[in-house]
Amino acid sequence: MKRILVLLALSLAAAGAASAQAPAGTAAAQASPEQQAQRRTQYLAKELGLSADQQAKLQPILLAQRQDMLAMREKVQTGGRQRGMGQELKAAQAKYTEQIKAVLTPEQFAKFDQMKDEARDKMRERRASGQGR
């Protein structure tokens, strides 16, 4: 009986410790779309030197973009791979890129575009090395 209680206590302690540890890299996934858009706006403000007016215009664009991406992800997860999803994603990206371009100066947009290309290259490198999802 005593041995069973000790094993039960150990298993509960192990289960509690395992559930208390969040997997690495999940903070962004747990943040709300509003929080994610706010963080992205702050990051771009720092990197691109955005004015307060530009930040105010950019925030709702980034929020709508994040919400659209989450909706597309949910659609794929609930219904499996959807035909034409790649085209839908490209169209959404083009739409939001044009909206962002309208807010930024040509110099800021050139840097934004460069940042986007660098991020895409890093993602390809991670996938090629087997570290992607």
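Laboratory data are not the source of any read-out in this text; all were calculated from the coordinates shown. Everything numeric here is computed off the predicted structure, so don't read it as measured data. Every residue, glycine among them, receives a Cβ derived from its backbone with ideal geometry; neighbour counts consider all protein chains shown.
Shape class for segment 85-133, computed from the alpha carbon gyration tensor (a ≥ b ≥ c): oblate, with a/c not under 1.5 and a/b at or below b/c.
Given a cut-off of 19 Å, name the pairs among Lys46/Lys101; Lys46/Lys90; Lys57/Lys90; Lys95/Lys116; Lys90/Lys116; Lys57/Lys101 whose C-alpha atoms lie farther apart than that in the structure shown. Flagged as over cut-off: Lys46/Lys90; Lys57/Lys90. Taking the number of Cβ atoms within 10 Å of each Cβ as an exposure proxy, the fewest-first ranking of Thr97, Thr78 is Thr78, Thr97. Global dimensions of segment 31-104 from alpha-carbon coordinates: Rg and Dmax equal 13.8, 42 Å.
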